[in-house]
Amino acid sequence: MPVNTNLATFSDWAYTSAAAVYILAMIFYLVEQAFGRVTKRAQARELVTAGGGDTVLDEPQAPSGPVERDRPERFGRMAVALTVLGVLLHVGSLVLRGLAAGRVPWGNMYEYGALFCLVAVVTWLVMLRKFPVRRLGAFVLVPVVILMLIGGMGLYTDAAPVQPALQSYWLVIHVSVISAASGMLLVPGVVSLLFMVRAANEANPGRFARLAPRLPAADVLDRLAYRTTVFAFPLYTFGLICGAIWAESAWGRFWGWDPKETTAFVAWVIYAAYLHARATAGWRGTRAAVVNVLGFATMVFNLFFVNLVTTGLHSYAGVG
Amino acid sequence: MDSRPRAVLAFLRNTWRGLTAMRTALSLLFLLALAAMPGALLPQRSLNAPKVDQYIADHGWWGRLLGQLGFFDVYASVWFSAIYVLLFVSLIGCLLPRTVEYARQARAKPVLTPRRLERMPHHARSTVDTGVADVLAGARQRLRGWRLVEREEADGARSISAERGFLRETGNLVFHFALLGLLVSFAIGKMYSYEGQVIVQADGSEFCNSGVYNFDSFKPGLRVDGTDLDQFCVKVKDFHGSYLPNGQAKDYLAPIEYQSGDDLGTGTWRPYDLRVNDPLRTAGDRVYLLGHGYTPKFTVKYPDGQTRVGATQWKPDDPITLLSEGATKFDRPGVTDPEQQRKSQLAVAGLFAPSGVSPNGVLTSNFPELRAPEVAVDVYQGDLGLDSGRGQSIFTIDQSMVAKGALTKVKRQQLKVGEHIDLPDGTVITFDGVGQWVSLEVAHDPTQTYVLGFAVLIILGLGTSLAIKRRRLWVRATPTGDGDPSGRTVVEVGGLARTDQAGYGEEFTSLSRELLLAARGGRES
C-alpha cells in the first residue's frame with residue numbers, strides 16, 4: 001500500500017501542535033504550582049480519607065459555598081483544558097499517521113514514543129479525576145514534552161510500511177500493550193519522585209522547603225503511584241507474554257535473552273519488587289518510591305539505550 | 001551431649017526463616033535484576049560468539065576476567081543460577097505456610113464484630129426508627145455476595161460480620177505457583193530442546209532432519225545427543241523477496257514442500273508457504289525462514305576440455321543491498337595423484353552484487369533484487385588448504401595459503417552473467433547465472449506449551465490479586481434501650497481493608513450510605 005504523503009504531513013503538523021499545546025499547558029500548571037495555595041498536611045489528610053472518618057449521612061463535599069476561584073486556580077483549570085486539547089491533537093496525529101502508512105501507527109521508534117507519551121498524558125488525566133493533584137501536571141508534562149521533542153527531532157522517520165519481521169498481528173497487540181503500559185508507568189515514576197521530595201520535607205521541614213509544601217501530601221502521592229502501577233503492571237506482564245508468543249513464531253524461540261528482552265525482564269522484576277516493598281515493613285514509603293523510580297528509569301533505558309546503542313533483534317528504531 | 005544437633009537444628013531453622021522472610025525475597029529480587037543486567041550490556045556467547053571474542057581481544061585482562069567470571073554467559077553462570085534458585089526456594093518457603101493458612105481461612109467464619117466500631121478506619125453511624133431485626137434483614141439484603149455471619153450480642157444488640165475479596169489471595173497463590181511452574185517447565189524445556197540452522201539452495205534442494213550432520217550449526221539441550229531427532233524432510237522450491245523502492249524488504253516467501261510422519265513412508269509431499277512470521281509446524285518441530293542470499297554459479301572449463309560446475313552460497317555483507325561475498329572452490333577433475341590434485345585446486349572469490357553498479361571502479365550493489373547481477377572476483381590457483389586439517393570458512397579462502405605461496409592469485413575481473421574469464425593456462429571460467437538460498441532454523445522445545453499455560457495463569461492470578469481487595473465490614477444494630485417503646489435502633493457500620501486501603505474508602509461510603517438509608521426506609525414502608 002502506497003504511503004499517503006498528504007496525510008503524513010498533516011500528522012506531523014498535529015504532532016508538533018500537540019507538543020506546543022503541552023508546553024503551554026505545562027506553563028499554566030507551573031503558574032498554579034508557583035502561585036497557588038500551600039497544601040497543608042492536615043488539610044491533605046482530610047482529602048485522603050474523604051468518605052472515611054466519622055461520616056453520618058452527609059459525606060463532606062468539596063468546600064461548597066460561592067465558587068470563587070483565585071487566579072492561580074483558574075490557570076490550573078485552563079491547563080487541564082489545554083492538556084485535553086493536546087491529547088486530541090496527539091490522537092489525531094497518530095490516527096493520520098496510521099492512515100498514511102496503511103498500518104498501525106507504532107512501527108518505529110518515533111511512533112512508539114508518540115504513543116507512549118499519549119498514554120502517559122491520558123493516564124494523568126484519568127488520575128486527575130480521582131486524586132486532587134492537578135498542580136502536579138507540570139511535572140508529568142516535563143518528561144512527556146522532552147520525549148516528544150526527542151522523538152520529533154532526533155528519531156523522526158518518514159511514514160512507511162514495516163519490514164517482514166514486523167508484519168504480524170502481534171505488532172498490533174504486543175507493541176500497543178507494551179507502549180501503553182510503559183506510558184502509564186511514567187506517571188507513578190514522576191509521582192514517586194515527588195513523593196520522595198514531599199516525604200523528606202515532612203520528616204524535616206527544612207528540606208525542599210520551597211517546593212515540597214506546594215506538593216500534595218505524601219500519602220496521596222504514594223497512593224496515586226501505587227494505583228497506577230497496580231494497573232499498569234499486569235498490562236506490562238501481558239505485553240511481555242505477547243512478545244514471547246510473537247518471538248516464538250518470528251525468531252524461533254519464545255525467550256532468548258535478547259538485550260531488549262533482558263532489560264524488559266529487569267524492569268518487570270523491579271516493579272515486582274516495588275509491589276513487594278510496599279507490603280514489607282521497613283520498605284514502605286521512600287524506599288518503595290525509590291524502587292518505582294528505578295523501575296521507570298529502567299524502562300527509559302530500555303527504550304533509548306537498547307534501541308539505539310546495542311544491537312539485538314529489537315533494533316527496529318528506524319533511526320540511522 | 002545433644003547440644004550440637006540442637007545447634008545445627010537451630011541454625012537450619014534460622015537459615016530457613018531468614019531465607020523465607022519477605023526482606024530476603026526482596027533483596028533476592030533486586031539481586032536478580034542486577035545480575036540479569038550485564039546480559040543486556042555485554043555481548044553474550046549464546047547470541048553472538050564472535051562478538052564476545054572480539055570484546056575479549058579488545059579489552060585484554062579485563063575481558064578475560066569477565067569471561068572467567070561468566071559474564072559472557074550470564075544466564076548459564078553459577079551466580080545467576082544461585083540467585084534464582086535461592087529466590088525460588090524463598091518463594092516456596094513463603095508459599096507453603098500461606099497455602100495452609102489459605103485452606104484454613106477458606107473454611108473460617110468472618111471474625112467477631114469489634115466492640116468499638118468507631119475505632120475502625122471507616123465508620124458510620126445513625127439512629128433509625130426501625131427494629132433491630134429489620135435493620136439486619138436490610139443489611140443482609142444489601143450484603144449479598146459477601147461472606148456473612150450474624151451474631152447475637154449482649155443487651156439485645158445484633159451484628160453482622162461480612163468479608164469479601166477472598167479471591168485476592170487465590171489469585172496471589174495462583175500467580176506465584178504459576179511462576180514456579182513456568183520456571184520448572186522452562187528448565188525442562190532447556191534440557192530437551194534443540195535448534196539447528198541450515199542453508200538450503202532454493203532450487204528444489206532437500207533437507208532432512210535426520211541427524212546433526214545435516215545442519216550447519218546445531219545447539220542441543222543438555223539431554224539431547226543428536227540421535228532420535230523428529231523425522232521430517234523439507235524441499236525448498238523457490239524464494240521470492242519483494243522490496244520497496246528504497247530497498248527495504250516488504251515480503252519474503254519460500255514455497256516449500258514437506259513430509260513427516262506417515263508421509264515419509266508413502267513419499268507424499270505437502271506444500272507450505274514459509275514466511276517470516278509463519279513457521280512450519282510439523283512432527284513436534286518448527287521450521288523458520290531466517291534469511292536468504294544468492295548463489296553465483298560458475299562453470300570452469302579446463303584446458304583439457306573437462307568442465308566443473310560450482311554453486312556455493314555467498315554470504316550477504318550488506319543487509320539492505322545484499323552485496324555478498326564468498327568463495328566458490330573447485331577440485332580439478334581427472335587428476336588421480338593426490339599430491340597433484342591438491343595443488344591444482346581453483347577458487348573464485350570476491351564480491352557479488354544483485355544489482356551491480358561500479359561508481360568508481362569498485363563493484364557495489366544498489367538494490368537487493370536481481371536486476372543486474374555482477375561479480376568482482378579474484379581467481380586463485382594452487383593449494384586451497386582444504387586438506388590442511390584446519391577448518392576453513394566456506395565463504396573465504398585461507399589467506400595463509402596465499403601468504404605461504406601455495407596459492408596464487410592469477411586474475412582479477414568483473415563479470416556480468418554470461419561473461420567469462422580466460423586464465424593464462426587456458427582455463428575458462430564462465431559466470432553462468434545466479435541461484436538463491438534460504439537459511440532455515442529447526443527448533444524443538446517440548447515444554448513451550450506448558451510455559452504458555454503457566455504464563456496465562458500468571459496473568460490471570462496477577463490480575464485477580466491486584467484488582468480484588470480484601471475487605472471487612474461490620475454492621476451492629478443496638479436498640480436504643482432507654483425505655484423508648486417506639487423501637488429506635490442505633491446502626492453502626494465499620495469497615496477495614498485487609499490488604500491495600502486504596503479505593504476502599506469510596507466503596508465503604510456508598511455501602512454504608514445504602515445500609516443506613518435502607519434502615520431508615522424500613523420505617524417508611
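The values are calculated or read from the model by the stated rules, or taken from the named source; none is laboratory data. Since this is a predicted model, take the numbers as computed values, not measurements. Here the Cβ is made from the backbone with ideal geometry for all residues, glycine too, and neighbour counts use every protein chain on show. Note: areas computed on protein heavy atoms with side chains; ligands, DNA, RNA excluded. Shrake-Rupley method; radii C 1.70, N 1.55, O 1.52, S 1.80 Å.
General remarks:
- Cα gyration tensor category, rounded, prolate or oblate, for the protein assembly as shown with a/c compared to 1.5: prolate
- Degrees separating the helix B:167-192 axis from the principal Cα axis of chain B, which is the longest one: 20 degrees
- Taking the average, over residues, of other Cβ atoms within 10 Å as the packing measure, peptides B:225-231, B:395-401 rank B:395-401, B:225-231 from highest down.
- Cα centroid separation, region B:411-439 to region B:175-196 (Å): 51 Å
- Protein-protein interface of region B:258-288, residues with accessible area decrease of at least 50 Å², isolated chain reference, 1.4 Å probe: B:Val276, B:Asn277, B:Tyr288
- Accessible surface, per residue, of region B:45-149 when the full set of protein chains is kept, probe 1.4 Å, Å²: 60 Å²
- With all protein chains kept in place, the per residue accessible area of region A:157-278 amounts to 30 square angstrom at a probe of 1.4 angstrom.
- Surface composition of region A:158-212: carbon plus sulfur atoms contribute 63% of the solvent-accessible area (1.4 Å probe, protein chains only, all chains present).
- Mean per-residue shielding of peptide B:504-516 is 3, counting Cβ atoms of other chains within 10 Å of each Cβ.
- Each peptide in B:301-312, B:23-34 was scored by the mean count of other Cβ atoms within 10 Å over its residues; highest first, the order is B:23-34, B:301-312.
- Computed from Cα positions, the angle between helix B:78-107 and the longest principal axis of chain B comes to roughly 30 degrees.
- About the centre of its Cα atoms, chain B shows a dipole size close to 2940 debye [charges on the beta carbon of Lys, Arg (+1) and Asp, Glu (-1) only; nearest 20 debye].
- Rounded D (µm²/s) - chain B, Kirkwood Rh over Cα pairs, Stokes-Einstein at 10 °C, 1.306 mPa s: 52 µm²/s
- Note on chain B: helix-only mean residue ellipticity at 222 nm, from DSSP H runs of 4+ residues weighted -39500 (n - 2.57) and normalised by residue number, equals -11500 deg cm²/dmol.
- Highest-first arrangement of B:203-216, B:157-170, where packing means the average Cβ count within 10 Å: B:157-170, B:203-216
- Structure-based [θ]222 nm, chain A - -39500 (n - 2.57) summed over DSSP H runs of at least 4, per residue, nearest 500: -22000 deg cm²/dmol
- Phi angles of region B:220-232 translate, via the Karplus equation with coefficients 6.51, -1.76, 1.60 and θ = phi - 60°, into HN-Hα couplings of x, x, 4, 9, 10, 9, x, 8, 6, 6, 5, 7, 6 Hz per residue; Gly and Pro are given as x.
- Threshold 50 Å² - residues in region B:20-57 whose accessible area is reduced by that much or more when the chain is no longer isolated, probe 1.4 Å: B:Met22, B:Leu26, B:Leu29, B:Phe30, B:Ala33, B:Met37, B:Ala40, B:Leu47
- Protein heavy-atom surface of region B:293-427, 1.4 angstrom probe: 50% of the accessible area is carbon and sulfur, with nucleic acids and ligands not counted.
- Tensor-based shape of region A:200-254 (alpha-carbon gyration tensor, a/c under 1.5 rounded, otherwise prolate or oblate): prolate
- Zero-based 10 Å bins, Cα pair distances in region B:20-147, whole percents: 10, 21, 17, 14, 12, 11, 10, 5, 1
- The base-10 log of I(q)/I(0) for chain A, evaluated at q = 0.10, 0.11 Å⁻¹, reads -0.62, -0.74 [Debye formula, identical scatterers on Cα atoms, solvent excluded].
- Axial C-alpha extent at least 15 Å, average Kyte-Doolittle at least -0.5 - helices from chain A (DSSP): A:5-35, A:71-101, A:109-130, A:137-149, A:176-203, A:218-250, A:259-277, A:286-301
- Accessible area per residue for region B:293-427 is 48 Å², calculated with a 1.4 Å probe on protein heavy atoms, without ligands, DNA or RNA.
- For peptide A:265-274, the mean count of partner chain Cβ atoms within 10 Å of a residue's Cβ comes to 5.
- Protein accessible surface hidden between A and B, which excludes ligands and nucleic acids, total in Å², probe 1.4 Å: 4800 Å²
- Cα gyration tensor shape for region B:351-497, rounded if a/c is under 1.5, else prolate or oblate: prolate
- Sulfur and carbon atoms: percent of accessible area, region B:126-224 [1.4 Å]: 54 percent
- Normalised by 2.2 N^0.38 Å, with N the number of residues, the alpha-carbon radius of gyration of region A:208-313 equals 1.29.
- Per residue convex hull volume, Cα atoms of region B:221-335, in Å³: 210 Å³
- Net +/- balance of residues flanking B:Asp203 in space, Cβ distance below 14 Å, scoring K and R +1, D and E -1: -1
- Springs join every pair of Cα atoms under 10 Å in this Gaussian network model of chain A, and among A:Pro188, A:Pro72, A:Pro216 the largest mean-square fluctuation is at A:Pro72.
- Kirkwood Rh, Cα atoms: Rg over Rh of region B:293-427: 0.98
- Reduction of at least 30 Å² in accessible surface, 1.4 Å probe, comparing all protein chains with the chain by itself, residues of region A:283-299: A:Trp283
- Near B:Ala40, once Lys and Arg are set to +1 and Asp and Glu to -1 for all other residues with Cβ below 12 Å from its Cβ, the sum equals -1.
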